[in-house]
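Here's the structure we're looking at; comments come further down.
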Amino acid sequence: MKVEITDINTNHLKELHKWELDAELQIKTGVDVPRTYEQFNKSYMAYFNGEKPNLLLKAIQLDGRLIGKVELYRTKKRDYIGIVIAQKRNHGVGTEALNLFLLYISEELGVDTIFAEVYEDNGGSLRFFAKNGFLATGERTEEWFRGKPRTLVTLKKELN
């Protein structure tokens, strides 16, 4: 099994949009209302055209097949990571992809501290980040998801 992170490209969009329409992934990632393909495509085209300079997207590939994505969102105060493994979960692929991405953003972008926000009711993602050295900061944010309050837990990892 060869895990790689590569640039997201237009060939990935149909598969990525399928994931946004997946009911289980919507709950895990907080997709309140999935976008139409046209809306989804327009958002990614804005990224490809450089209109989202604070966002870095990478595809996660296993033996050359797209199975997930990882992203870095940069603000003036913090850098945030998000990861979606749509296929081949619980096989170490996510950990390997995460480590490749963390090494890349540390070496290429100088990121030394990374944050993740995970829904409190997403035990799988909380365990994944804990297993990979992320620690809870004690920060909690409440937001609305499908008409109900839902709590985000903030996690942090030092890269250097």
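Taken together, the values in this text are just the output of simple stated rules run on the coordinates, not laboratory data. Every value quoted in this text rests on a predicted model; they were computed, and no experiment measured them. Positions of Cβ are generated from backbone atoms using ideal geometry, with glycine treated the same way; all protein chains shown enter the neighbour counts.
An ellipsoid equivalent to the chain, defined through the eigenvalues of its Cα gyration tensor, has semi-axes of 22, 20, 17 Å when rounded to whole angstrom and sorted largest first.
For region 81-160, the fraction of alpha-carbon pairs lying more than 16 Å apart is 54 percent, rounded to a whole number. For the residue pairs 69/131; 42/77; 42/156; 76/131, the C-alpha atoms sit more than 26 angstrom apart in 42/77; 42/156; 76/131.
Within a 10 angstrom radius of the beta carbon, how do 52, 2, 14 rank from fewest other beta carbons to most?
2, 14, 52
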